[in-house]
Each structure stands twice: as structure tokens, then as C-alpha cells.
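The values are calculated or read from the model by the stated rules, or taken from the named source; none is laboratory data. Source: prediction; values computed, not measured. Virtual Cβ from ideal backbone geometry, glycine too; neighbours counted across all protein chains shown.
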Amino acid sequence: MITHLNSGASAAGNISPHALLLSADSITGDEVCNMQDEKLGKIQDIMLDTTEGKIRYAVLSAGGFLGMGDRLFAVPWQALKLDAANKRFMLDVDAERIKNAPGFDKDSWPNMADASWNSTVESYYAR
């Protein structure tokens, strides 16, 4: 659940460029919904690009029942929008598109440094 929100406001009342800071732990387990308010899954992990110093993907867990049979999906971080009022993230795709997204099993993660894999995932979520 989103719990660690820092306003980043200065003494003068100006909002800094880092207005919202979230700990990685605070977003683990947060729901991801689409614009039709359908639940798509939950954030299980995040993947950091250590070369560029930014979050590259949120790993979404979806499709199972009570945690059993879930598939994992790497969703480009820029495709997610924070809905702080409802303590969740929004993804502008329909539920069927997530079911057909390139995914993987929890015991068989892809090589996320592979350029071909990155291209496939990035283009799948491109608008």
C-alpha cells in the first residue's frame, strides 16, 4: 500500500521537482487498475536500470487465484500513473490485453537486459 508519500514542499511553499517520493517497499502489493476501474493485478517488484538510475519496469502479478498460478508481467514504469487518492496505480490497457501480454513465471524470469526482450515489452505497451 502507498504509505510513504513525501510532499517535497519547500519552506516558501513551492513544490520541488521531487514532489512525491515513494519507497520501493511501500508500492509492493499495490493494486494496478485500468481506466475502466478493473483490477489488473498487483505490483510485486520493481526493476531498476542502474545505468540510467531510474525505475525501468514494475513487475505486475496477475491472473491467478489466491496467489496460485499468477503470471508476472514487466510493465514499463512510464506506462503507470499514480492514483494517490485511491492508493493504487493506473494502466491504460484493457484486462484482456494484460492476459495476452508477454509474461513469465515466478521461477523463470527473462533476461531483462536483452535488447530484443526490452523492445517486445516496450512496444506492447506503447500508445
Can you name the condition, by its number, that A19 falls short on among (1) part of a loop (DSSP other than H, G, I, E, B); (2) modelled with pLDDT of 90 or more; (3) touching a strand residue (DSSP E or B) at 6+ places or on another chain (Cβ under 9 Å)?
(2)
Residues that are more than 17 Å from Y125 (Cα to Cα), in contact with a strand residue (DSSP E or B) (Cβ under 9 Å, 6 or more places away or on another chain) and not in a strand (DSSP E or B): does the stretch 41-53 have at least one?
no
Out of K42, K54, K87, K81, report the one residue that is modelled with pLDDT of 90 or more, in contact with a Gly (Cβ under 7 Å, 6 or more places away or on another chain) and not polar (S, T, N, Q).
K42
Out of all the residues in the stretch 22-37, which are exposed (fewer than 15 other Cβ atoms within 10 Å of the Cβ) and modelled with pLDDT under 90?
S23, A24, D25
Considering only the stretch 62-94, how many residues are assigned to a helix (DSSP H, G or I), of a type outside the set (F, W, Y) and either over 14 Å from V32 (Cβ atoms) or within 15 Å of the chain's Cα centre (by Cα) (or both)?
4
With the checklist (1) free of Cβ contacts under 8 Å to residues at least 24 places away in the same chain; (2) out of contact with any strand residue (DSSP E or B) (no Cβ under 6 Å at 6 or more places or on another chain) in hand, flag the one item K81 doesn't pass.
(2)
